[in-house]
1. Just checking, which of 210, 223, 232 is among the aliphatic types (A, V, I, L, M) and open to solvent by 40 Å² or more (accessible area, probe 1.4 Å)?
2. I'd like to check something: does the stretch 540-557 contain any residue that is in contact with a helix residue (DSSP H, G or I) (Cβ under 7 Å, 6 or more places away or on another chain) and within 21 Å of residue 656 (Cβ to Cβ)?
3. Would you say residue 284 is within 22 Å of the chain's Cα centre (by Cα) and either under 21 Å from residue 139 (Cβ atoms) or open to solvent by 10 Å² or more (accessible area, probe 1.4 Å) (or both)?
4. Inside the stretch 256-272, can you point out the residues that are open to solvent by 10 Å² or more (accessible area, probe 1.4 Å) and of a type in the set (A, V, I, L, M, F, W, C)?
5. If you take just the helices (runs of 4 or more DSSP H) that sit entirely in the stretch 390-461, which of them hold at least 1 residues that are of a type in the set (Phe, Trp, Tyr) and either under 20 Å from residue 376 (Cβ atoms) or open to solvent by 50 Å² or more (accessible area, probe 1.4 Å) (or both)?
6. Sort out for me the helices (runs of 4 or more DSSP H) sitting completely within the stretch 1-99 that have 2 or more residues that are at pLDDT 80 or above, under 25 Å from residue 110 (Cβ atoms) and open to solvent by less than 50 Å² (accessible area, probe 1.4 Å).
7. For the stretch 592-633, which positions are open to solvent by less than 20 Å² (accessible area, probe 1.4 Å) and of a type in the set (Asp, Glu)?
8. Output the residues belonging to the stretch 801-839 that are part of a strand (DSSP E or B), touching a Pro at 6+ places or on another chain (Cβ under 8 Å) and at pLDDT 90 or above.
Amino acid sequence: MFRESRDIMQAEVRLLDLVGAMEDLKAMMNSVLREIELQEGKGKQRTQNVQAWLDKVVAMDQCTNQLVIDFSRCCVTGCCSLNIYSRLNASRKATKLKKEIDELMKEKNHLSVLAKRRPSNPVIDVPISTTNVGIMIGSNLCIVRDCLADKTFGMIGIYGMGGVGKTTLMKEIERSIDDWNMGFDYVIYVRASYEHHVEDLRDCIAEQLLLCEPSREAIFKFLKYKNFLLLLDDLWEELDITVLGIPDPHDESYVATTLYKQKVVFTTRSKKVCDCMKADKKIKLECLDKDGGWQLFKENLAMDLEGKPFIEEAAREMVNLCGGLPLALIMVARAMSNKTSTTEWNFILLQLWSGLSSILGESMFLYLRSSYDSLANKILQQCFLCFCLWPKKKLISTENLIKCWLEFGLISCFDSLSEDYMHGCYILEILEEASLVVTHDNKKVAKVHEVIHEMAQWIASRAGGGSHKPWFVRQNVTLEQLSSEEVEAWFQLERVSIVNCNMNYLPQLRFECPSLLSLNIQHNRGLKNLPKIFFQQMSNLTYLNLSFTEICEFPAAIKFLCNLEFLDISCTRINSLPNMLGNLKKLKYLFCRYLHLGELQAELLSSLHNLQMLDVYPYGYVESNALFILRWRGVKGIGMCVSSNYILERLSGLPTVNINIKYIDGLSTLHFSSLTSEEHRGPKELQISFSVVIQDLVINNRSKTSLKLLRLYQLQNLGSFVWTIEPKEVFPMLQIVQIEACFSLTSLHWVFHLPLLRALLLQDCYKMKELVNEEEREIKEDDVITTFPKLKYLKIVRLPKLVEISSCAIDFPHLSNVHLEDCPNLKRLPFKPDIVNNQSLLIKCERKWWERLEWDDANVQSQFRSNSTEDEEIAEFFVGNVPTEDEEIAECFVDNVPAFRQKDPPKKSGRHEIFEVCDGDGAPVLSHSDDDATC
């Protein structure tokens with residue numbers, strides 16, 4: 001009775017204590033929330049324990065408030081109401097709640113971690129093939145087994161692109177380890193995944209070792225005198241395994257590493273992780289070849305293709321579309337397992353041509369996207385997405401790729417193009433280390449896997465959660481004009497690229513496109529006009545490419561592109577640059593290649609304050625005052641036509657990228673060093689034409705040059721090349737040599753050892769008797785110097801005195817196309833008998849000349865086949881597959897560049913314009929339609 005009386009009397013005091021304790025708890029909660037907000041601002045997320053504690057505090061606050069409200073109703077003006085039992089219940093409930101608040105405060109003190117790093121994406125379960133491990137893994141499983149048996153290998157790194165089979169290999173290692181009898185006491189398998197947490201990894205290790213405490217010390221103490229194998233799957237960054245409690249196999253001071261077998265095998269998508277982890281052995285997993293891909297596809301297809309030739313044909317085409325990527329092969333095969341009719345297979349195959357997502361949905365791309373998300377910043381991500389601007393399977397030259405990044409503003413501007421290029425190579429290396437990109441030919445070209453290309457398109461076409469706006473990319477399809485739905489989407493697009501789509505019209509935009517940064521509509525020959533107010537709606541545009549269209553003039557609205565930094569109007573019908581281009585104050589890059597613009601005035605160039613690159617090659621001129629302005633502003637590159645010694649001298653020291661020297665008089669000797677300097681390695685394209693006075697070309701450079709293409713035309717008295725340095729030393733990058741109508745040349749021995757020469761065209765060199773002179777004939781069969789190591793295309797036309805190409809047989813390891821015509825004295829080809837083993841070789845020549853050829857081995861000629869009819873004078877003979885035409889080489893062999901001068905006005909032939917080849921006196925000798933021209 002006394003106890004109840006005390007509780008009733010102390011009701012007010014206990015409620016006040018409760019309210020005070022609740023205020024302290026709320027203050028503690030607010031402190032926790034402030035700390036969590038700071039951590040969430042750094043990309044972390046609150047832990048489940050913290051969230052549960054916060055929920056309890058909120059619930060406790062509600063209970064306290066309700067109790068105070070209920071008690072206030074029991075008392076009126078300080079006097080006790082008739083319901084004495086309400087006071088008793090309130091007093092006791094206040095005591096209970098006060099104890100619970102004390103417990104919550106103690107619980108908070110045990111919350112050592114308030115927030116953890118949030119994963120960017122959920123872990124995506126991917127299929128693992130267990131039916132045909134041998135095909136997927138191949139010899140790699142044996143390599144791992146041998147490394148585990150070798151005492152010198154403590155750390156083994158396995159790397160490759162997403163979906164290539166790394167996890168499958170790890171699972172098979174785990175299954176096979178007992179059969180290998182390696183003597184491991186413990187085999188520990190841990191999946192790291194993207195943005196792993198060390199605590200979670202230790203929990204997983206401790207669980208497999210049956211340890212009660214998942215601490216670093218406990219794990220180390222348990223393993224230090226044990227034989228163990230740690231399989232660490234899907235590692236994304238360097239990890240110090242000692243923080244997990246794993247003894248370091250590289251620690252020589254740790255005596256147990258020599259007494260016990262302690263190994264670590266890890267997988268990663270990045271080669272850089274292998275380097276940082278100091279892997280003793282690095283194993284790269286590649287995609288499957290055609291046969292391996294077909295076998296894996298069949299193993300995962302739940303149906304028999306025997307007796308179903310039409311379905312099998314469609315299935316093989318699907319395998320080709322997967323590009324040998326095991327993940328794609330498995331997922332497509334399983335998706336097709338319930339499709340039994342030929343109609344279904346053919347219909348889905350048509351869908352697959354537009355993308356694998358049409359059958360697989362987004363699950364595969366979500367898994368592969370982790371490689372994209374792991375890139376350090378938005379710039380790297382945007383550089384990767386640029387690969388979707390090229391067609392699938394396209395080998396992209398590193399130079400063109402870096403040029404794209406530079407023009408998009410993704411590469412910081414340095415003082416020179418060479419520094420820009422170095423920065424671009426660094427970015428490309430990062431993308432390759434992330435297994436997103438593959439480079440070839442000593443990193444001169446790059447490509448992405450077909451499935452990775454689709455992933456890039458998939459990411460680019462969607463808004464990136466604040467990281468980027470969607471892109472609109474179409475290429476090599478018929479798209480005469482955009483649909484209304486596609487036009488309406490422009491207001492939110494960041495980049496638009498419509499390339500080679502036969503587009504005839506651009507949309508009439510009646511709304512702002514504030515997010516649009518780049519517009520690329522090149523190679524749409526049907527596009528002749530631009531809407532008058534088109535550019536008025538895209539004030540933030542920085543990149544505009546109108547090249548290879550039929551556009552004749554700029555609309556006045558071009559002046560509204562106040563943020564434009566890049567403009568390319570090459571190979572259009574534009575024949576003058578309007579003064580309103582001077583309003584583009586931020587313009588950095590101006591490309592006007594193959595346009596007959598005449599002479600660019602200093603007034604226009606002086607208004608373009610930020611101009612860094614000007615290319616009006618090969619027909620445009622820049623006057624001397626304009627050259628002075630460009631030099632003063634520190635221009636990084638210039639391409640132009642030069643027709644006077646004075647301008648040629650003014651170019652000295654400027655960073656020339658493309659030069660066309662024509663009609664120069666009074667210059668009998670041209671020194672190549674005058675076109676280069678110590679700071680700049682000279683032009684990449686050089687044309688010299690229409691000169692009767694040049695007799696010698698002197699190559700006296702002291703260092704390597706950047707020259708990739710050399711064209712000499714109508715140099716009637718050019719008799720020799722004078723070398724003060726080995727050709728391969730001064731021209732290590734020269735790929736294309738085109739020499740026409742140089743009547744005094746007698747030999748061309750210097751081209752033999754150019755390391756990168758891919759195409760050689762000789763035409764109308766009437767005095768040339770041999771490509772090699774007497775000195776070059778001293779080449780021995782065992783000479784270590786390889787002749788024509790990269791040559792693919794050889795064209796020799798109208799060399800009537802040519803007797804031989806080489807006196808000794810040559811390997812020609814890459815030769816695929818040969819065109820020989822009007823060379824009546826050439827009796828032999830310098831081929832070795834194994835030339836017929838080339839994968840593809842096509843020889844185009846006169847049939848009668850072919851029949852008169854002399855061969856050291858008569859069987860060689862018999863290996864060639866022909867599809868030409870007997871009555872065709874010019875026939876084609878080939879071995880292997882008929883080679884496809886190389887677009888880049890074909891463009892360079894267009895006969896109207898640089899030897900053609902466009903008549904003013906051009907003659908018309910139907911709807912086509914006719915260009916005329918002119919001799920030294922200006923007399924036309926051959927007409928050429930623009931059907932065959934690139935520009």
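The values are calculated or read from the model by the stated rules, or taken from the named source; none is laboratory data. Values in this document were obtained by computation on a predicted structure and should not be read as measured data. All Cβ positions, even for glycine, are placed from backbone atoms using ideal geometry, and neighbour counts span all protein chains on display. When the accessible area is computed, the model is the full protein with side chains, heavy atoms only, and any ligands, DNA or RNA have been set aside. Shrake-Rupley method; radii C 1.70, N 1.55, O 1.52, S 1.80 Å.
1. Every option except 210 fails the conditions.
2. There is no residue in the stretch 540-557 that is in contact with a helix residue (DSSP H, G or I) (Cβ under 7 Å, 6 or more places away or on another chain) and within 21 Å of residue 656 (Cβ to Cβ).
3. So residue 284 fits the description; yes.
4. Correct list: 259 only.
5. Counting at least 1 such residues, we get 398-407, 417-433.
6. Where helices (runs of 4 or more DSSP H) fall fully within the stretch 1-99 and carry at least 2 residues being at pLDDT 80 or above, under 25 Å from residue 110 (Cβ atoms) and open to solvent by less than 50 Å² (accessible area, probe 1.4 Å), they are 11-41, 48-74.
7. Across the stretch 592-633, the qualifying residue is only 615.
8. If the condition is that a residue be part of a strand (DSSP E or B), touching a Pro at 6+ places or on another chain (Cβ under 8 Å) and at pLDDT 90 or above, then 817 is the only one that fits.
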